[in-house]
Amino acid sequence: MAWQRWPEVAVDPDPAGRVRAMVHEYALSPWHRMRPGLRTTPRPTPKAPAPPSATPAERALRDAMLSLPAPYRRALLLHDGLGLGLSETAAEVEASTPATAGRLLHARRAVAERVPELGLADESPARQREILHERLTGLAVAQPVAPPAAGTVRSGSERTVSRMTRGAFGLTAVIAAATAFTLVQEAGTLPGRPEAGHPALTSSPTPGAAAKAPRTEKGKPARTRQTGADGTARRQHVVGAGLIAPEAR
């Protein structure tokens, strides 16, 4: 990770602190902890032999450290474990100096309650720091770490960056192709110009004939007289909206 961000790490006032912060965030990220391949213990090698079995005191201290909240544990490891100053610890954990001091106080108190054999309860803060520094250093020495060679780190980092770049371009191409395909499908299914259908059938020969029909006072249809071809008059009853009465048909 440091090699991938080397332009930023190289100009940082504290490159080691920058790397520690990156490793801490990476190790405690939720997606990283859910990877099943990282839960198994690596096999011992000649460069990294199997660590010896922990003693009961070491297991008790390790369990007490793991029971602390992540901010308290980080501050205690940096200040008492690595020996950083209070201001340096506050800068690395991105907190104020009083807040960092409060975290250290609560963390030491919790460790003293869980591991009473350390004898931290009746000691001064300076003595508590000395005791925890000694015990945490011994706990770290019992877990040997074999860092990879510099060439392996650089080549692996470059391969990772190359895969991420190709994956980003591939994902962009897939999204563009899916968008184009969707647009083509929608353009093919758009409705065309509607065809002219048959005109609606109406009983009135002209529009508005029903509205112009005379009405009586009580809303009954009016009777009109029409003259036939033989000169005789016949009656036509207008009913409703321009409908002809059955007797007039």
* Just grab the label-to-label distance for SER162 and ARG109, each label 7 Å out from Cα along the Cβ direction, in nm (one decimal). => 5.5 nm
* Which net charge results for the neighbourhood of GLN4, defined as the other residues with beta-carbon distances under 13 angstrom from its beta-carbon, given Lys and Arg at +1 and Asp and Glu at -1? -> +3
* Asked: For region 145-185, what Kirkwood radius comes out of the mean inverse Cα-Cα distance, in Å?
  -> 12.7 Å
* Evaluate E = 1/(1 + (r/R0)^6) for GLU25 and SER124, where r is the Cβ-Cβ distance and R0 equals 35 Å; express this FRET efficiency to the nearest 0.05. => 0.60
* **ARG108, ARG73, ARG20, ranked by accessible area, largest first (probe 1.4 Å)** => ARG20, ARG73, ARG108
* Any idea what diffusion coefficient region 78-139 gets from Stokes-Einstein, in µm²/s, Kirkwood Rh on alpha carbon pairs, 20 °C, 1.002 mPa s? -> 180 µm²/s
* Structure fact -> Sorting LEU139, LEU104, LEU86 on solvent-accessible surface, 1.4 Å probe, most exposed first, gives LEU86, LEU139, LEU104
* Apply the Karplus parameterisation 6.51 cos²θ - 1.76 cosθ + 1.60, with θ equal to phi minus 60°, to every residue of region 17-31 and state each ³J(HN,Hα) to the nearest whole Hz, in sequence, with x for glycine and proline. => x, 5, 5, 4, 5, 5, 5, 5, 5, 5, 6, 9, 6, x, 5
* Structure fact -> Checking rank on 93-102, 2-11, 172-181, with mean other Cβ inside 10 Å and highest first, the result is 93-102, 2-11, 172-181
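The values are calculated or read from the model by the stated rules, or taken from the named source; none is laboratory data. These figures come from a predicted structure and were not determined experimentally. With ideal geometry, Cβ positions are generated from the backbone for all residues, glycine too; neighbour counts draw on all protein chains shown. Note: accessible area is taken over every heavy atom of the protein model, side chains too, but ligands, DNA and RNA are not part of it. Shrake-Rupley method; radii C 1.70, N 1.55, O 1.52, S 1.80 Å.
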